[in-house]
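Asks: What follows is a structure written as structure tokens; I'll ask about it next.
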Amino acid sequence: RLLGDVIPPNDIGVTFDDIGALENVKDTLKELVMLPLQRPELFCKGQLTKPCKGILLFGPPGTGKTMLAKAVATEAGANFINISMSSITSKWFGEGEKYVKAVFSLASKIAPSVIFVDEVDSMLGRRENPGEHEAMRKMKNEFMVNWDGLRTKDAERVLVLAATNRPFDLDEAVIRRLPRRLMVNLPDVPNRAKILKVILAKEDLSPDVDFDAVASMTDGYSGSDLKNLCVAAAHRPIKEILEKEKKVCVFFFLHHQRPFRLNWMHLHL
Ligand code: ATP
């Protein structure tokens, strides 16, 4: 049941080059994650050099948090284990505790690995929620116990990367276990231009495309919004072709299918 949530490094398909802008976050992640995952022995000497076992990526939706987590795993040659509340509710309903145990045990067996907890607020939100189900409480406790287990094993090449749009909903205990918190914010004009260039890098573009002009017209757009804009723009020529074909169809019906033409005219005019 867990296999569907694990992606080997060569199959992840996202590298840092696929992510436009966010240079500071990318640099910090390279420094914090890649070296400890690849050379854990360098970080075993003193208390202050212990490798970081938890990093939080927070910011508005669609700003590239999942992409960053995937790129980290790709570039570190680590397996990517994607866990979320939806996995628990769809495949492990009532068995959250078992799921968490299985995830951590698998992560250690196939290390180096990155456990990515998307929407960590829904999985590990505030514990004092009065309506909380007993199974949910047990799952959270199991998560903390296993996570602490990782933190005591310096050479264990397993890291928890968590992402959220709602950092203020996180449990204090979870925040403490995520000592490095990186904000992934909405892009400004120059960064939107960079993201557009990355999204359109492999497309056949007209030479007069003005990235800066599009960037300045898209205030408040996230990377995901920019991607959707590009997809919509790419579909426009297809729509135009189809519209032309429709005209050809109508033309065909007008000349060769007189009875149908009457029906068609009846229905659509
Ligand atoms: P959410 O908080 O809603 O889970 P997210 O921050 O995890 O969103 P992603 O899932 O990483 O965002 O991004 C969604 C899509 O938006 C990506 O698949 C990609 O196509 C595009 N995208 C977002 N940011 C960037 C970026 N900086 N460079 C290139 N593409 C981007």
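Read-outs: derived from the displayed coordinates by stated rules, not from any lab. Fair warning: this is a prediction, and the values are worked out from it, not measured in the lab. Here Cβ is always computed from backbone atoms with ideal geometry, including for glycine, and neighbour counts include all displayed protein chains.
Asks: What is the order of Thr66, Thr89, fewest Cβ neighbours within 10 Å to most? Don't jump to the answer; show the numbers that get you there.
Replies: Numbers: Thr66 17, Thr89 12.
Ascending number of Cβ neighbours within 10 Å: Thr89, Thr66.
Asks: Using the 10 angstrom Cβ neighbour count as an exposure proxy, how do Ile195, Ile81 rank, fewest first? The partial results should precede the final answer.
Replies: Working: Ile195 28, Ile81 22.
Lowest to highest Cβ neighbour count: Ile81, Ile195.
Asks: Just want the ordering: Lys91, Lys53, Lys109, Lys194, from fewest to most Cβ atoms lying within 10 Å of their own Cβ.
Replies: On the way: Lys91 13, Lys53 23, Lys109 10, Lys194 19.
Ordered from fewest to most neighbouring Cβ atoms within 10 Å, Lys91, Lys53, Lys109, Lys194 come out as Lys109, Lys91, Lys194, Lys53.
Asks: Check the straight Cα-Cα distances from Lys227 and name the lysines below 21 Å, setting aside those fewer than 8 residues away within the same chain.
Replies: Lys26, Lys65, Lys70, Lys194, Lys197, Lys202, Lys239
Asks: Calculate the FRET efficiency for Thr89 and Asp208 from the Cβ-Cβ distance with a Förster distance of 51 Å, rounded to the nearest 0.05.
Replies: Efficiency, rounded to the nearest 0.05: 0.55.
Asks: For the range 140-226, what's the relative contact order in percent, using C-alpha pairs closer than 8 Å and at least 6 residues apart?
Replies: Computed value for the range 140-226: 30 percent relative contact order.
Asks: Could you calculate the FRET efficiency of Ala232 with Met183 from 1/(1 + (r/R0)^6), where r is the beta carbon distance between them and R0 is 35 Å, rounded to 0.05?
Replies: 0.80
Asks: Separate question: By how many nm would the segment from Leu242 to Thr28 grow when fully extended, if each residue of separation counts as 0.36 nm and the alpha-carbon distance is taken off?
Replies: Between Leu242 and Thr28, full extension yields 72.3 nm more.
Asks: Right, something else. Sequence neighbours fewer than 8 away in the same chain don't count; with that in mind, list the lysines whose C-alpha is under 19 Å from Lys50.
Replies: Correct list for Lys50: Lys30, Lys153.
Asks: Over what distance in Å are the Cα centres of the range 141-211 and the range 1-33 separated?
Replies: One Cα centre to the other: 9 Å.
Asks: Still on this structure, I have one more. Taking square-rooted eigenvalues a ≥ b ≥ c of the alpha carbon gyration tensor, is the range 54-131 rounded, prolate or oblate, where a/c under 1.5 means rounded and, failing that, a/b exceeding b/c means prolate?
Replies: oblate
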